[in-house]
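To start, the structure under review is shown below, and the notes come after it.
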Amino acid sequence: MSYIAALNKRLNVLYDGKVFAAEENGCLHLKGELSDWQDIVRAGLISVNPRKYIGLVNEIRLTGAQIPAVKLPKSADNTLEGARPDVLVIGGGIIGCSIARELKRYKMDVMIAEKEHDVAMHASGRNDGMVHPGVDLRRGQLKKKYNDIGNRMFKTVCAELGVPFRYVGQYLCFTSVWKKPLIAAAPLYWKAMNVPAEYVNRRNLKKREPNLSPQISCAVFFPMAGIVCPYGLTIAFAENAVNNGAKLCLDTAVLAMEVENGKIQSVLTNRGRVYPKLVINAAGVFSEDIAKLAHDHFFSIHPRRGTNIIFDKKAAYQVRTIASSMGTLDKKSGHSKGGGIVSTVDGNLLVGPDAIETYERENFETTAESIRNITDKQKRTSPHLDNRDIITYFTGIRAATYEEDFIISFGKFTSNLIHAAGIQSPGVTAAPAIASDIAKMAADYLGAAKNEQFDPIRVPIPMPVSMPQEKRDALIQKDENYGVIVCRCEEVSRGEILDALRRPVPCDTVDGVKRRVRAGMGRCQGGFCGPLVTQIIAGELDIPLEQVRKNKDDSNIVFGNNKEAL
Amino acid sequence: MTVLRYNVTVIGGGPAGLAAALSAAKEGAEVLLIEREARLGGILKQCIHDGFGLVRFGEKLSGPEYAHRFIEQLPNPNITLSMLTFVTKIEKQSDGFVITMVSKDGIRDIFTKSLVLASGCRERTSRQIGIHGRHCAGIFTAGTAQYYTNILGKMPTKRCVILGSGDIGLIMARRLTLEGAEVVGVYEAKPTASGLMRNVYQCLEDFNIPLYTSKTVTRVFGEGRLCAVEVSDVDACMTPIPGTEKIIECDALILSVGLIPENELAESIGLPMDYRTKGPVTDQNSMTMVNGVFCCGNALHVNDLVDYVSESGEAAGRAAAGYLQKKRSFAELKADDSFLYIVPQMISLTERKEPVTVYFRSKTERGKTRLTVTVDGSEIYKKSYSQLRPPEMERIEIDFKGMQIRPDSRICFALAEVD
C-alpha cells in the first residue's frame with residue numbers, strides 16, 4: 001500500500017472520515033474539517049513525511065471557531081509606491097533584521113517591511129534569550145546546522161553590535177540515581193555531535209550551583225550555552241542594517257502579491273506597491289501566509305504558545321547559569337520545550353517557557369494556569385523559586401512547521417523568493433548563521449558585488465549604571481541628562497531615554513523606550529517612571545501627552561486634560 | 001576632590017525624611033538630605049485631598065499644605081539639600097558610611113557617620129497579584145493614576161474599575177468621579193474594605209460608588225487600550241470561583257492592592273528585614289540591626305496617617321543625631337499570631353529611652369479586644385479596644401522604666417477577646 005493510502009486509512013479511522021490526505025505538486029496536503037484545533041495539529045504531526053514530500057500543507061478547516069485574521073496597521077499611505085528595491089525582506093524579527101544587515105555586506109538596495117510599530121514585536125521579543133548549545137538537536141536537521149554555526153558566531157556578532165552576551169553554560173540536571181553511569185557517559189555522545197559537554201557529579205554541582213534542588217543527583221554541563229537579550233539583539237541588527245543603508249518600513253504590511261510565470265512581479269503593501277527583484281520571507285507565524293501570496297505554498301505553520309516569567313533580581317542568586325531538568329521535557333509533544341531557569345544578561349531570573357498549540361497567532365495573553373504550571377515544574381529544579389518574586393510574565397508564539405525544522409531555501413514554485421520560515425527555537429542562536437547563508441544566496445541570485453563600505457560596528461546607547469565611576473562621571477559632565485535618574489528600579493537616566501528616541505530605528509512609544517533602555521523593566525513595572533517617560537516622549541516629539549502610546553495603535557496612556565477629555 | 005563629611009545623611013525628602021532632617025538639624029547635627037525627585041514632599045505632592053495633619057496640627061490639610069509645614073522650615077543652616085540626586089551605593093566603614101550618589105553634577109562620594117533611610121514605599125503591581133489576559137495600555141496603580149490626574153492634569157480614564165480598596169484606591173475613586181470619569185465600582189477580594197473607614201464613607205458612599213467585596217478582577221481584555229475586565233467571585237481563600245465571571249466594559253483598571261516598603265538600599269547593606277512589615281528590624285530608637293543605620297516612615301512599615309510618618313521621622317532624626325558608636329544588646333518584642341506586625345521588633349538595652357512607642361496592626365478584624373504586654377510572665381501593660389481593624393494602625397506607649405530587662409527576657413504582646 002502506498003504511503004498516502006495507508007495514511008488515509010489511518011486518518012479515516014482517527015477522524016471518522018472527516019480528514020483525508022492528497023498529493024499535490026510533490027506536497028502532502030491535508031483536507032477536510034475538524035472542530036478541535038488540537039486534532040488538526042495532531043493530524044498534521046501524524047501525516048508529516050519530509051522524506052517523501054517537499055512539505056506538509058495542513059488545510060484542514062477549523063469549524064466552530066474563527067481563526068483571527070492578521071492584525072494590520074491602521075495607517076495607510078502611498079510613500080512606498082513604485083519603490084524598486086533589490087530585496088524586500090518581509091518581517092522585522094530577529095531573522096528579518098539579521099538578514100537585512102547581512103544583505104548590506106553586498107551592494108543591494110534592501111527594504112524591510114514590518115507590520116508592527118517596532119521590530120522584534122512577536123517571537124523575537126518574546127522568548128527566553130537563550131543561545132542554545134544544541135542539546136536536543138539531531139544530525140540532518142537545518143536547526144542543528146544553523147545552531148552549531150550560529151552559536152559560535154555570537155561572541156563576534158554581539159561584540160560588533162555592542163550587545164551584552166555571555167556564554168554562561170547550561171546544566172541539564174538529573175534526579176535518577178541508577179542511570180548515573182549512563183549519564184556519566186553521555187557527554188561522549190554530545191561531543192560526537194559537536195556539542196561540548198561535561199559530566200558533573202552531585203558534589204561539584206553543589207559547589208557550582210549551590211541552590212539547586214537536593215533531589216538532583218548529577219548533571220551534564222554545556223559550556224557553549226549563552227544568554228542574550230533577544231529584542232535588544234534584534235534592535236541592534238536593525239539599527240546596524242539601517243546605518244548601512246537598509247530602509248526599514250514599520251507599520252508596513254504585505255497585503256497581496258502579483259505573481260506571473262513563477263516570479264513575484266510586485267508586492268502590495270498598505271503604503272503602496274513595491275517592485276522588488278527578490279523577496280525574502282521572514283514573516284514568522286505569518287510565513288505560511290506570505291508563501292501562499294507568493295504561490296509557493298508548500299508548508300504549514302502550527303503556532304505554539306509559550307509563556308515566560310521574570311523574577312526579581314533578588315532571586316538571581318538561585319541560578320547563576322542556565323538550569324533545566326531532565327524529566328521536565330514534555331513527553332507528550334516530543335519537542336524540546338521543557339523550559340528551564342535562565343539567569344539573564346540583565347541580572348534577573350527568567351523561568352519558562354511552556355508549550356501550547358494554538359490557532360491564535362497574535363494572542364499574547366498570559367494565563368494563571370501557565371504561570372502555575374511553569375513555576376510548579378521549575379521548582380523541581382530550583383526549590384527556592386518564590387512566586388512573590390515574580391515581577392512580570394509574557395507570552396510568545398513560535399512558528400513551528402509540521403516538519404519541526406527550519407525552512408531555508410528558494411521558493412519551490414516561485415523563483416525570486418527565499419524562505420527563512422518555520423523559525424522557532426533555536427531561532428535566536430541560528431539567526432546570524434541563517435542570515436549569512438541567505439545573504440550569500442541573495443547575492444548569487446542578483447549577482448551583487450561586495451559592499452566595501454559596510455560597517456559592522458554599532459555604537460550602543462551608553463549604560464551608565466554598568467560603567468566604572470570615572471567613566472560615568474565623565475559622561476555626566478558631557479551631558480547632565482545622564483545624571484538624572486528616571487527609572488529608579490533599573491537606574492536608567494534621562495539621557496539614555498532621550499538616546500532611545502533618537503536612534504537609527506525610530507522609537508516613540510513607552511514600550512519602545514523600555515525595550516531599548518530598560519526603563520520600566522524593574523520591580524515597580526513603570527509605576528514611578530511611566531509618567532516621566534511619557535512626558536519625555538511627548539517633549540522630545542513635541543506632541544501632547546495624550547498622543548503618547550504604550551506600544552501600538554490605540555494604546556494611548558491618557559485621554560486629555562482633566563474634565564475636557566469626556 | 002575632598003570627600004564631604006556629614007553627621008547624618010537622610011535618604012528621601014518625603015514627610016519622613018523632611019521630619020528626620022529637621023529634627024537631626026535641631027539637635028545640632030550637620031545633615032545632608034538627599035531627594036531623587038526635583039521637589040521635596042514625596043508622595044504628598046500629588047495628594048491634593050484633605051485630611052492630613054489632624055493628629056499633628058489639629059487641622060485638615062491637603063498633602064502639599066502638610067508638606068509645606070516642613071519645607072518652609074528650610075533653608076536651615078545645618079541642612080545641605082541635594083535634589084534630583086540618586087543614591088547608587090552605600091558602603092559600610094568602621095566609623096560610618098560612604099554614600100555614592102548621582103546627579104546632574106556627576107557622580108560623587110560623601111561620608112556620613114549615621115544614615116536615615118526614608119525612601120518610602122512603592123505600590124504592588126498588576127503582575128504581583130497575577131492579573132492575566134492582554135498586556136494592554138490602561139492598567140495603572142492608583143498612585144500612577146493620581147500622578148496623571150493631579151500633577152499632569154490629564155485623565156487616565158473615562159470609565160474604570162478599581163481593584164482593591166486601599167486608601168489611595170478609595171481616594172482616586174472620588175477624585176476621578178470629581179473629574180467626570182465614571183467609576184464602575186471598587187472591587188475587593190477580601191470580605192472587608194482595606195482602607196480607612198472614613199475613606200469608605202467620604203470617598204465611596206458619598207459619591208454612590210459601589211464597593212463589591214469578595215470579588216476580584218481575573219482577566220483584562222484589549223488590544224491597544226484596555227476595553228474590558230472580567231470580575232469573579234472569590235472563596236474564603238480568595239481563589240476565584242469558576243462560573244461567576246462577569247465582563248465589565250471600561251477603559252482602565254486601577255489598582256490599589258497594597259504598598260511595599262522600598263528597601264533595596266537597606267538590603268544592599270545587609271540589614272535584617274522583618275518579613276511582616278517588609279521593612280528593616282529596628283529598636284525603639286529607630287536604629288536597624290546595623291549600627292548607625294536608622295529607618296523611618298513608610299520605608300519602615302506602611303502607615304495609614306502621615307502624622308505618624310512624621311513622628312517616626314522625627315524620632316529617627318533625633319536618634320541619628322545623637323548616635324554614639326556603641327555596641328548594643330537587645331531584647332526581642334514578641335508579638336503573637338494575632339498581630340499583623342509590631343514595630344519596633346527589638347528594644348536596645350544599651351540606649352534605654354522611655355517610654356517606648358509601639359505601632360501595631362491586628363491581623364484580623366476584631367471586636368472588643370484586650371492587648372496585654374508581659375515581661376517574663378508578669379503583666380506590665382494592658383489596653384482595651386472596642387474594635388481593631390488591620391487597615392487601622394494603633395499606637396501605644398509603654399514604659400519599661402525600672403524593669404529588669406535582659407537580652408533573654410520574654411517580652412510578649414498578645415491580643416485576646418473580651419466578653
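Each value in this text was obtained by applying a stated rule to the coordinates, not by laboratory testing. Quantities reported herein were computed from a predicted structural model and do not represent experimental measurements. Backbone-built Cβ (ideal geometry, glycine too); neighbour counts: all protein chains shown.
A simple count of charges around residue B:409, restricted to other residues whose Cβ falls under 11 Å of its Cβ and scoring Lys, Arg +1 and Asp, Glu -1, yields 0.
Any idea what diffusion coefficient the protein assembly as shown gets from Stokes-Einstein, in µm²/s, Kirkwood Rh on alpha carbon pairs, 4 °C, 1.567 mPa s?
Values: Rh = 30.9 Å.
The estimated diffusion coefficient comes to 42 µm²/s.
Between residue B:406 and residue B:92, the contour length at 0.36 nm per residue exceeds the alpha carbon distance by 110.2 nm. For the residue pairs B:45/B:158; B:190/B:246; A:277/A:440; A:314/A:379; A:145/A:277, alpha carbon separations beyond 20 Å are given by B:45/B:158; A:145/A:277.
Rounded if a/c is under 1.5, else prolate if a/b is larger than b/c, else oblate: which is segment A:366-524, with a ≥ b ≥ c the root eigenvalues of its Cα gyration tensor? It comes out oblate by the Cα gyration axes.
The stretch between residue A:25 and residue A:387 holds 125.1 nm of extra length on full extension. This uses 0.36 nm per residue minus the Cα-Cα distance.
Footprinting exposure proxy ranking of B:274, A:77, fewest other C-beta atoms within 10 angstrom first, gives A:77, B:274. Restricting attention to segment B:328-419, lysine pairs at least eight places apart or on different chains and with alpha-carbon atoms under 15 angstrom apart total 4.
The value for segment A:464-547 of Rg(Cα) / (2.2 N^0.38 Å) is 1.05.
Of B:308, B:323, B:148, which is the most mobile in a GNM of chain B whose springs link Cα atoms less than 10 angstrom apart? Among B:308, B:323, B:148, the largest mean-square fluctuation in the Gaussian network model of chain B belongs to B:148.
Using the number of other C-beta atoms within 10 angstrom as an exposure proxy, rank B:103, B:194, A:325 with the fewest first.
B:103, B:194, A:325
The distance from the alpha carbon centre of segment A:517-566 to that of segment B:217-239 is 23 Å, rounded to a whole number.
The distance linking segment A:254-272 with segment B:295-333 is 71 Å (Cα centroid to Cα centroid, whole angstrom).
Of the Cα atoms belonging to segment B:371-419, the radius of gyration and Dmax stand at 12.5, 35 Å.
Under 1.5 on a/c is rounded, so check that first for segment B:125-257, then, if it is not, pick prolate when a/b is larger than b/c and oblate when it is not; a ≥ b ≥ c are the square roots of the alpha carbon gyration tensor eigenvalues.
Since a/c reaches 1.5 but b/c is at least a/b, the shape of segment B:125-257 is classed as oblate.
If R0 equals 35 Å, the separation of the Cβ atoms of residue A:74 and residue A:16 corresponds to a calculated FRET efficiency of about 0.20. Over all other residues within a Cβ to Cβ distance under 15 Å of residue A:418, the charged ones net out to -1, with Lys and Arg as +1 and Asp and Glu as -1. Using only the Cα atoms, work out Rg/Rh for chain B, with Rh taken as the Kirkwood radius, to two decimals. So for chain B, dividing Rg by the Kirkwood Rh gives 0.99. Rounded to the nearest Hz, the phi-derived 3J(HN,Hα) couplings of segment A:199-215 under the Karplus curve 6.51 cos²θ - 1.76 cosθ + 1.60 (θ = phi - 60°) are 6, 10, 7, 4, 5, 5, 4, 4, 6, 8, 9, x, 9, 6, 4, x, 5, where x marks glycine and proline.
A crude spin-label estimate for the pair residue A:479 and residue B:159, with each label 7 Å from Cα along the Cβ direction, gives 4.4 nm. Where the centroid of each part is defined by its Cα atoms, how far is segment A:398-436 from segment B:133-209 in Å? Here the answer is 49 Å between Cα centres.
Modelled spin labels at residue A:35 and residue A:449, positioned 7 Å past Cα toward Cβ, are 6.6 nm from each other. Unpaired cysteine residues in chain A (no second Cys Cβ under 4.7 Å): A:27, A:97, A:158, A:173, A:218, A:229, A:249, A:489, A:507, A:524. Karplus-based coupling profile of segment B:341-356, in residue order and whole Hz: 6, 10, 9, x, 9, 9, 10, 7, 8, 7, 10, 6, 9, 10, x, 9, with θ = phi - 60° in 6.51 cos²θ - 1.76 cosθ + 1.60 and x standing for Gly or Pro. Beta bridges assigned by DSSP with both partners in the protein assembly as shown are antiparallel in approximately 65 percent of cases. A crude spin-label estimate for the pair residue A:84 and residue A:155, with each label 7 Å from Cα along the Cβ direction, gives 4.6 nm. Is segment B:275-419 rounded, prolate or oblate when judged by the Cα gyration tensor, a ≥ b ≥ c being the square roots of its eigenvalues, rounded requiring a/c under 1.5 and prolate requiring a/b larger than b/c? Oblate. Across peptide B:217-225, the mean count of Cβ atoms from other chains lying within 10 Å of each residue's own Cβ comes to 4.
The helix-only estimate of mean residue ellipticity at 222 nm for chain A, built from DSSP H runs of length n ≥ 4 each weighted as -39500 (n - 2.57), is -9000 deg cm²/dmol after division by the residue total. With R₀ fixed at 35 Å, the C-beta to C-beta distance from residue B:325 to residue B:392 puts the FRET efficiency at about 0.35.
If you count, for each residue, the other Cβ atoms within 10 Å and average over each peptide, how do B:234-247, A:387-400, B:378-391 line up from highest to lowest?
Ranked by mean Cβ neighbours within 10 Å, highest first: A:387-400, B:378-391, B:234-247.
Backbone geometry of segment B:50-62 corresponds, through the Karplus equation with coefficients 6.51, -1.76 and 1.60 at θ = phi - 60°, to 3J(HN,Hα) couplings of 9, x, 8, x, 4, 6, 7, 10, x, 9, 9, 10, 7 Hz, x marking Gly and Pro. The residues A:271, B:5, when put in order of fewest to most other Cβ atoms within 10 Å, stand as B:5, A:271.
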